[in-house]
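The structure appears right after this line, and notes come after that.
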Amino acid sequence: MKTKEEILAAIRDVLVSEFECDAAKLTPEARLYEDLDLDSIDAVDLVVRLQQQTSLKVTAEDFKFIRTLGDVAGVIARLAAEQMK
């Protein structure tokens, strides 16, 4: 299983390459909507890309309370850990 830091790095790669986000802004504390200027369509696209990369099933409920990049990495790490059980 990947660490939260490795997951965060993979998310950063997607945000830089697919969403043209500034890599310098991609800290765990970066807020998706306010700091990174993502909208709801971008958030859905991000979830789809993460599902493709990880083969995890990410539900809307999983992302209901996501606000920061660190939150996204935390959800992916939790889902990966649950899958390993």
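For a quick protection proxy, order the peptides 72-80, 27-35 by their average other-Cβ count within 10 Å, most packed first.
Going by the mean number of other Cβ atoms within 10 Å, highest first, we get 72-80, 27-35.
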(Q) Taking the alpha-carbon distance from residue 25 and a cut-off under 24 Å, which lysines remain once sequence neighbours fewer than 8 residues away in the same chain are dropped? (A) 2, 4, 64
Q. When the scattering of the chain is computed by the Debye formula from its Cα atoms alone, each counted once and equally, what is log10 I(q)/I(0) at q = 0.11, 0.21 Å⁻¹?
A. -0.25, -0.97
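Since every read-out is calculated from the coordinates, none of them should be taken as a lab result. Bear in mind that the values here come from a model prediction, so they are computed numbers and not experimental data. Cβ atoms come from the backbone with ideal geometry, glycine included; neighbour counts cover every protein chain shown.
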